[in-house]
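These notes are about the structure you will find just below.
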Amino acid sequence: MNAKAQSICTPPADIDSLRRLGLFARMFKDLMKRRYRVTPWRTIISFALAAVYWVTPFDALPEIALGPLGLIDDIGVLAYAWSMLGKDTERYKSWLQARPTTQKGS
C-alpha cells in the first residue's frame with residue numbers, strides 16, 4: 001500500500017482517542033457488572049490522580065510563574081495515564097474478541 005492510500009485508510013488520532021474512551025467506558029461498565037474480572041486498578045487510580053492533578057492549583061511547574069511552559073508537567077501526567085489506559089483497553093478488546101458469543105433465548 002502506498003503512503004497516500006495508507007493515510008486515507010488510517011483514522012485520525014482524535015477518532016482513535018474517541019474509540020479508546022468509548023472502549024474504556026464499556027470496560028468500566030463490564031467491570032462494575034463483574035463480567036470483566038481483570039480489574040486494572042493501577043490504571044484507574046492513575047487516571048483519577050491525573051484528572052485531580054490537572055484541576056488542582058498546585059503544580060510541579062506552576063502556570064502562573066511559567067506561563068504555557070507550566071503545562072508541560074500536566075501534559076506529561078495525562079500522557080502517562082493515557083498510555084496506561086491504552087494498554088488496558090487493548091487487553092479488554094482482546095478479551096471481548098476471545099469470549100464466546102451467546103445467543104439470546106438459548
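Within region 26-49, take every residue that is of a type in the set (F, W, Y) and within 15 Å of the chain's Cα centre (by Cα) and give me the one that is surrounded by the fewest Cβ atoms within 10 Å (Cβ to Cβ).
Applying the first criterion (of a type in the set (F, W, Y)) to region 26-49 yields 28, 36, 41, 47.
Next, from what is left, pick out any that are within 15 Å of the chain's Cα centre (by Cα): 28, 41, 47.
Values: F28: 14, W41: 7, F47: 19.
So the residue we want is W41.
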(request) Please state which of the following conditions L49 fails to meet, knowing it meets all the rest: (1) more than 29 Å from R99 (Cα to Cα); (2) modelled with pLDDT under 85; (3) assigned to a helix (DSSP H, G or I). (result) (2)
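Please enumerate the residues belonging to region 9-23 that are at pLDDT 85 or above and surrounded by 13 or more Cβ atoms within 10 Å (Cβ to Cβ).
L23
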(message) For region 52-95, give me the residue count where each residue is among the aliphatic types (A, V, I, L, M) and without any contact (Cβ under 8 Å) to a residue 12 or more places away in the chain.
(response) 10
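The values are calculated or read from the model by the stated rules, or taken from the named source; none is laboratory data. For clarity, every value in this text was computed on a predicted model and none was experimentally measured. All Cβ positions, even for glycine, are placed from backbone atoms using ideal geometry, and neighbour counts span all protein chains on display.
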